[in-house]
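Derivation of every value follows stated rules applied to the coordinates shown; laboratory data play no part. Bear in mind that the values here come from a model prediction, so they are computed numbers and not experimental data. So basically every Cβ, Gly included, is an ideal-geometry build from the backbone, and we count neighbours across all protein chains shown.
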Amino acid sequence: MKNIILAVLVAVFSTLSFAQNPLSVHVLNLDTGLAASNVAVVLEAQQGDKWTKLHEAKTNSEGRVTDLYPKDTTLQKGIYKVTFKTGDWFKAKNQRSFFPEVPVVFVIDGNLEHYHIPLLLSPYGYSTYRGN
C-alpha cells in the first residue's frame, strides 16, 4: 500500500513540475512600490540575424506573466529577448517616461527548468536581473 501511495505522489508531483511554464516575468513600479499590471510583454527568439516573435501577453494584477513561453512547446536553448512595452504603459497612466520599451536579451542554456525575468521600473530608469 505504501508503494502505491508513493507511486501516485511521484506521478502527481512529476505532472505538476512539467505543467509549469518555463518562462515568467514580473514588473514592479518603483514609484509606487506596487505591481505594474497590464504591461504588454513580447517574447522573441534569435534565429540567425533576425528575431522571431514567439508569444505576447500582458501582466496580470500582480504584475506577472506566469506563462510567457509558448504553451505545449519544449524549452529550446538559445538567445531570447523579452520586450516590456513600458512607454505604452506609462502613456495609459498619463505619465511621461524616457524609455518607450525595455528589451532584455538573455540566454536559455538548459541548466534550469524555469527562467524568470523581473523588471523594476520607474519613468526614468529600470533594473532587471535573473530571478528564480
> For the chain, what is the Kirkwood estimate of the hydrodynamic radius, computed as the reciprocal of the mean inverse distance between distinct Cα atoms, to one decimal in Å?
Replying inline: 16.1 Å
> Out of residues 5 or more away from N60 or on other chains, whose amide H comes under 5 Å of its own, with H placed 1.01 Å from N in the peptide plane?
Replying inline: N38, V65
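Using 1/(1 + (r/R0)^6) with R0 = 22 angstrom and r between the beta carbons of Q95 and Y129, what's the FRET efficiency to the nearest 0.05?
0.35
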>> If you only keep lysine pairs separated by 8 or more in sequence, or across chains, how many in the stretch 29-110 come under 19 Å at the Cα atoms?
In response: 13
> Taking H as built 1.01 Å from N, whose amide H comes closer than 5 Å to the amide H of K93, not counting residues under 5 places away?
Replying inline: none
>> Can you tell me the orientation of helix 2-19 relative to the chain, as the angle in degrees between its alpha-carbon axis and the longest Cα principal axis, to the nearest 10?
In response: 20 degrees
>> Counting other beta carbons within 10 Å of each residue's own, what order do D49, D67 fall into, fewest first?
In response: D49, D67
> Which FRET efficiency value, to the nearest 0.05, is calculated for E113 and D72 with the Förster distance at 25 angstrom and r the Cβ-Cβ distance?
Replying inline: 0.95
